[in-house]
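The values are calculated or read from the model by the stated rules, or taken from the named source; none is laboratory data. The shown structure was predicted, so the numbers you read here are calculated from the model rather than taken from an experiment. Quick reminder, even Gly has a Cβ in these numbers, built from the backbone with ideal geometry, and neighbours come from all protein chains shown. With ligands, DNA and RNA removed, areas are computed over all heavy atoms of the protein, side chains included. Shrake-Rupley method; radii C 1.70, N 1.55, O 1.52, S 1.80 Å.
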Amino acid sequence: MDISQENMKKNLVGDCAQNNVFFQAVQEVLYSISPLLNSDDKYNRYAILERLIVPDRVIKFKISWLDDNNNIRVNTGYRVQFNNALGPYKGGLRFHPSVNEGILKFLAFEQILKNSLTGLPIGGAKGGSDFDPKGKSDFEIMKFCSAFMTELHKYIGPRIDVPAGDIGVGAREIGYLFGEYKKITSSYDGVLTGKPYMFGGSLMRPEATGYGVVYFTQKMLELEKKESLVGKICAVSGAGKVALHVIEKLLQIGAIPVTCSDSRGMIYDRRGVDLPLLKELKLQNRASLERYLEFHPDAKYTPVSDYEDGERAVWNIQCYAAFPCATQNELSEADAKNLITNGCVSVSEGANMPSTHEAIDSFLNHNICFAPAKAANAGGVAVSEFEMSQNASMQRWDFDKIDEKLKLIMEQICKRVALTAKDYGVEGNYVDGANIAGFKKVADAMIAEGI
Ligand code: NDP
């Protein structure tokens, strides 16, 4: 198959600007799996690339809802069901004004390989809406979620497609979505994961992605014969579900996370981030990080408007390990250079594709231990699959059992990625290792299932 960039972009990925981020993800994977493609012609013969980079279906729908002033509001909803070779479609829902088809295609594509790496029976999907939850009342969120599910319920099911949360979608939204699904179908199905514990959610789902990132990093540092995170300064971006739990696990193991950030600015607290305060500000009050200074006047707040030349202040401090956990493309080449200059040894992606291509190249060229999102942040979807298992068997697992299983899965992913990289002649390159290992399993299943 001719995988020349222009051809692929035009014919297979689509040409509109919205698809750029999707193209970036596909391009990275195709480049990275070339050692596998060169070693076995079957992927070419079965046209696996052509088949894998086109979603099974993209569902797009209108959502009309009433705000608190009885104005009719209209948003667009999506579900990209990308590939179900390994199991039911699985992936989060994102509510954010930046959501469009291209971003969701990128996220769903990444999800296929991530889910494959977990070794669990789940396919890849993603969905969401351009609805902005910021500034909406609780009642407006509920009405929007109900309207969203009125359409979405037609396309999902416990053996078909099981959505979860993502940016802007947490336990509150999943609860409202689940309530509406139940009302429409009269069925108490495990059709969503990330549910509150009281009606079928799994313990540890909120912590899973963040804790998993740290477990992966610990294993990677061990395999690469670097010093552990204990006692080390860490830079974390974001202040959402992933970032908070990366910070929590870092504190538990004796590391010192000194930063966090949101879309308005960043906090640097050299004594270590005050996690209870951060949780109160972000989880309970959805407040700006600037309010952190009311309690810790010694900390430093830098608003986004003071960031210089696209360099984010969060990546311009001395640290041993960095954890980008906010959003895509939040770590540029300039940021990567700042981290490297400041002595950073390891970078682990908690967010999906937070580092640009150029930043990743810089890390790899400087032998930084780099853990790509599809491997490092797979803990969330792994525990989501545990939630599906618990729902299907009407059982409840305790926290320690789930934590143990999560740690094991993250360590297994790390070892498999490292070993695959070695087997294909790119030892130490966790990007290529993750892409090859994730792709191979899905591709082999697609071949075995026929066209
Ligand atoms: P949340 O909505 O809980 O948090 C997102 C955080 O990122 C918020 O602090 C938000 O700030 C900040 N943020 C958003 N946009 C920007 C920006 N442009 N610049 C700086 N900060 C920004 O989302 P999650 O923590 O769930 O998700 C974060 C990332 O992790 C996403 O890429 C997601 O896809 C990925 N991920 C999440 C998983 C999960 O289990 N939740 C699983 C795997 C991946 P503000 O509060 O101001 O909006």
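See the values below:
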| quantity | calculated |
| --- | --- |
| Which numbered condition residue 79 misses (of (1) open to solvent by less than 60 Å² (accessible area, probe 1.4 Å); (2) at positive phi) | (2) |
| Only listed residue being modelled with pLDDT of 95 or more, within 18 Å of the chain's Cα centre (by Cα) and away from the ligand (no atom under 14 Å from the Cβ), chosen from 217, 209 | 217 |
| Residue among 384, 332, 355 that is among the hydroxyl-bearing types (Ser, Thr, Tyr), within 20 Å of residue 412 (Cα to Cα) and open to solvent by less than 50 Å² (accessible area, probe 1.4 Å) | 384 |
| Test: residue in segment 179-190 that is within 13 Å of the ligand (Cβ to nearest atom), out of contact with any Leu (no Cβ under 8 Å at 6 or more places or on another chain) and open to solvent by less than 50 Å² (accessible area, probe 1.4 Å) | no |
| Meets criteria (basic (Lys, Arg) and more than 16 Å from the ligand (Cβ to nearest atom)) for residue 195 | no |
| From 157, 128, residue being open to solvent by less than 20 Å² (accessible area, probe 1.4 Å) and away from the ligand (no atom under 16 Å from the Cβ) | 157 |
| Qualifying positions in segment 288-312 - of a type outside the set (Ser, Thr, Tyr), surrounded by 14 or more Cβ atoms within 10 Å (Cβ to Cβ) and at pLDDT below 90 | 311, 312 |
| Among residues of segment 365-381, those that are in contact (Cβ under 8 Å) with a residue 40 or more places away in the chain and surrounded by fewer than 18 Cβ atoms within 10 Å (Cβ to Cβ), counted | 1 |
| Residue within segment 131-150 that is open to solvent by less than 10 Å² (accessible area, probe 1.4 Å), part of a loop (DSSP other than H, G, I, E, B) and of a type in the set (Phe, Trp, Tyr) present | yes |
| Cross-chain or 6+ apart pairs with Cβ under 7 Å, segment 128-141 first and at pLDDT 95 or above, then of a type in the set (Lys, Arg) and open to solvent by less than 50 Å² (accessible area, probe 1.4 Å) | 128/94 |
| Output for segment 221-267, where each listed residue is charged (D, E, K, R) and either at positive phi or near the ligand (Cβ under 9 Å from one of its atoms) (or both) | 225, 241, 262, 264 |
| Criterion: of a type outside the set (S, T, N, Q) and free of Cβ contacts under 8 Å to residues at least 12 places away in the same chain - qualifying residue of 311, 290, 294 | 294 |
| Qualifying helices (runs of 4 or more DSSP H) (wholly inside segment 9-116; at least 2 residues being under 21 Å from residue 160 (Cβ atoms)) | 48-52 |
| Test result for residue 171, among the small types (Gly, Ala, Ser) and either touching an Asp or Glu at 6+ places or on another chain (Cβ under 7 Å) or open to solvent by less than 30 Å² (accessible area, probe 1.4 Å) (or both) | no |
| Those residues of segment 44-85 which are more than 27 Å from the chain's Cα centre (by Cα), under 28 Å from residue 450 (Cα atoms) and of a type in the set (Phe, Trp, Tyr), in sequence order | 46 |
| Some residue of segment 3-12 being of a type in the set (Ser, Thr, Tyr), at pLDDT below 90 and open to solvent by less than 80 Å² (accessible area, probe 1.4 Å) | yes |
| Conditions (1) over 17 Å from residue 388 (Cβ atoms); (2) free of Cβ contacts under 8 Å to residues at least 12 places away in the same chain; (3) charged (D, E, K, R); number of the one not met by residue 182 | (1) |
| Test: residue 337 is among the basic types (Lys, Arg) and either buried (at least 19 other Cβ atoms within 10 Å of the Cβ) or within 14 Å of the ligand (Cβ to nearest atom) (or both) | no |
| Any hit, segment 142-149, residues being within 16 Å of the ligand (Cβ to nearest atom), on the phi > 0 side of the Ramachandran plot and not β-branched (Val, Ile, Thr) | no |
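Quick grid of which residues meet (1) away from the ligand (no atom under 13 Å from the Cβ); (2) within 25 Å of residue 193 (Cβ to Cβ); (3) touching a Phe, Trp or Tyr at 6+ places or on another chain (Cβ under 9 Å); (4) in the same structural domain as residue 219 (by TED's automatic domain parsing):
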| site | (1), (2), (3), (4) |
| --- | --- |
| 361 | yes, no, no, yes |
| 390 | yes, yes, yes, no |
| 393 | yes, yes, no, no |
| 409 | yes, yes, yes, no |
| 413 | yes, yes, yes, no |
| 417 | yes, yes, yes, no |
| 422 | yes, no, no, no |
| 442 | yes, yes, no, no |
